[in-house]
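Bear in mind these aren't lab numbers, they're just calculated from the coordinates by the rules spelled out. All figures in this text were calculated on a predicted structure; none of them were measured in a lab. Quick reminder, even Gly has a Cβ in these numbers, built from the backbone with ideal geometry, and neighbours come from all protein chains shown.
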Amino acid sequence: SQQGEEDPQALSIQEGENATMNCSYKTSINNLQWYRQNSGRGLVHLILIRSNEREKHSGRLRVTLDTSKKSSSLLITASRAADTASYFCVPSDSWGKLQFGAGTQVVVTP
Amino acid sequence: ETGVTQSPTHLIKTRGQQVTLRCSSQSGHNTVSWYQQALGQGPQFIFQYYREEENGRGNFPPRFSGLQFPNYSSELNVNALELDDSALYLCASSQGWTGQYEQYFGPGTRLTVT
């Protein structure tokens, strides 16, 4: 198993701006998942993107996956104060054990 | 709300004691995973139960053990508690192996060891 490395470690933006965070991993994956954690709603699954997919959308979220570069990105458009949270990328190999990294801490200010 | 519940919410124990944490999985889910999350860090995988059998374990000593019941609810047991065991313990359920499906997390149990 492996864990993703999120970059940047911290991000501070204003409401209405877009937020982009990146993730790198080391070995082949079956899929990659993004999770969000804040004090109000706990740890929540955002998007699962499979290794044969390049892009996926969910509401204001857009995830890309580049398996040749072993990287993924999460874009949050038109951010809101409620998007303040830690974001984790979690790559998964065929075994399926998920390892979380330290995450990206996003702060959205009004 | 995910439908995954955990009990108790908070717990204070003394070093050397034993503790049992409980998790009810979301309806229709047959896989439960447990995680330990220390303050300021990401969750660390403890183990996974699939159809009542442990089928994967992280870097945790044997004093961390678990069970999954026929209704797919689960318990995490920790023996001989140490101060470093103080953390938020999260359980998550999914439709199958954790790598194939999204996981739904419970609110966690905050364990403090004094």
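Relative to the Cα centre, the charge distribution of chain A, modelled as +1 at Lys and Arg Cβ and -1 at Asp and Glu Cβ, gives a dipole magnitude of about 280 debye. Within the listed set B:Ser86, B:Ser33, B:Ser74, the residue fluctuating most in the Gaussian network model of chain B (springs between alpha-carbon atoms under 10 angstrom) is B:Ser86.
Evaluate the charge dipole of the protein assembly as shown about its Cα centre and quote only its size in Debye, nearest 20, assuming +1 on the Cβ of each Lys and Arg and -1 on the Cβ of each Asp and Glu.
For the protein assembly as shown, the charge dipole is close to 80 debye.
Basic side chains Lys and Arg get +1 at the Cβ, acidic Asp and Glu get -1 at the Cβ, and with that the dipole of chain B about its Cα centre reaches some 220 debye. The distance from the alpha carbon centre of region B:1-72 to that of region A:6-70 is 25 Å, rounded to a whole number. Any lysines with Cα under 28 Å of the A:Lys56 Cα? List them, leaving off those in the same chain fewer than 8 positions away. Reachable lysines: A:Lys26, A:Lys69, A:Lys70, A:Lys97.
Taking 8 Å as the Cα distance limit and 6 or more residues as the minimum spacing, I'd like the relative contact order of chain A as a percentage. Please list the in-between numbers first.
Values: 288 pairs, mean separation 44.6, N = 110.
This gives 41 percent for chain A.
Among the residues of B:53-65, the average count of other protein chain beta-carbon atoms within 10 Å of the residue beta-carbon is 1.
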